[in-house]
1. Hey, fewest Cβ within 10 Å first, where do 157, 134 land in order?
2. Note the full-extension length gain between residue 226 and residue 242 as 0.36 nm times their separation in residues minus their Cα-Cα distance, in nm to one decimal.
3. Just grab the label-to-label distance for residue 306 and residue 283, each label 7 Å out from Cα along the Cβ direction, in nm (one decimal).
4. Could you give the length gained on full extension between residue 234 and residue 266, defined as 0.36 nm per residue of separation minus the Cα-Cα distance, in nm?
5. If I stretch the segment between residue 178 and residue 136 completely, what's the gain in nm (0.36 nm per residue apart, minus their alpha carbon distance), one decimal?
6. List, largest first, the extents of the alpha carbons of segment 236-307 along their principal axes, each in whole Å.
């Protein structure tokens, strides 16, 4: 082999070496790039792991602090229980002393004639326990209002079964649905009363049973009766009025004169003619003219026949008087003589 051939062979080997080197460099670059990417991913993973560790440490710290607080609360609770037990023991001891003291200091019965029963009762009153003044005063007010028929105002607060509740003087009171109005109140209409302030009368007051019942209807009825009495007072005997037959009974007819005033026409004052029952000549709802006969004790007596003309009476038959001038008898002999025998 000559020099040129050898040079050519060397050059070829160098080219192969270069290509191999280039390939090696390229593979190394790829490896380095992969390593860099892996390192970056590992960095993120490491950071995430570090964050997780930090969060866990924080949770552990919080748990430790909570445990410490709970331990303190438990300690405080234990101390409170111990303190309560100590106070109860002291209260028991004081109660025992008071009981012994009360046994020793019984009310002294007066043994002197100069001392009165009042002195004795004063001693007894001092021994009586003091009640809840505020609540007792409220019950006393309700009882006084019931006895005096005084009006008690209260605001309806809620609906319960068959009625509503209110709280006069701070006491729980019940108003039945049947006592809310002069007319019937359906259960479905009860909510419309909530929030309203109503005037009531106390109809049940029992402090021991904690039972307080009020009535709106009684107040409305009293007002209605008062108004009716005032209107009746304006009716004058002898007045002629017009009204409608409200109802018929065996003893007469009730006539509505208007404005809440009703009068009675007794059966004997309905007609000049004899009738067995008012329905024989009258009908409910019929308009009639009446005369006021009497107003007494809140009652109005009426008459219909006073406005009718009395029927004419039949004239009696004329009576003839016979005056006898002699005996009114005739003997058998006179008759034979008159016959011509």
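No lab work stands behind these numbers, since they all come straight from the coordinates. The shown structure was predicted, so the numbers you read here are calculated from the model rather than taken from an experiment. Every residue, glycine among them, receives a Cβ derived from its backbone with ideal geometry; neighbour counts consider all protein chains shown.
1. Going from sparsest to densest Cβ surroundings: 134, 157.
2. Between residue 226 and residue 242, full extension yields an extra 3.5 nm.
3. Taking the simple label geometry, residue 306 and residue 283 are separated by 2.8 nm.
4. Full extension from residue 234 to residue 266 adds 9.4 nm.
5. Length gained between residue 178 and residue 136: 12.2 nm.
6. The Cα atoms of segment 236-307 stretch 29, 21, 20 Å along their principal axes.
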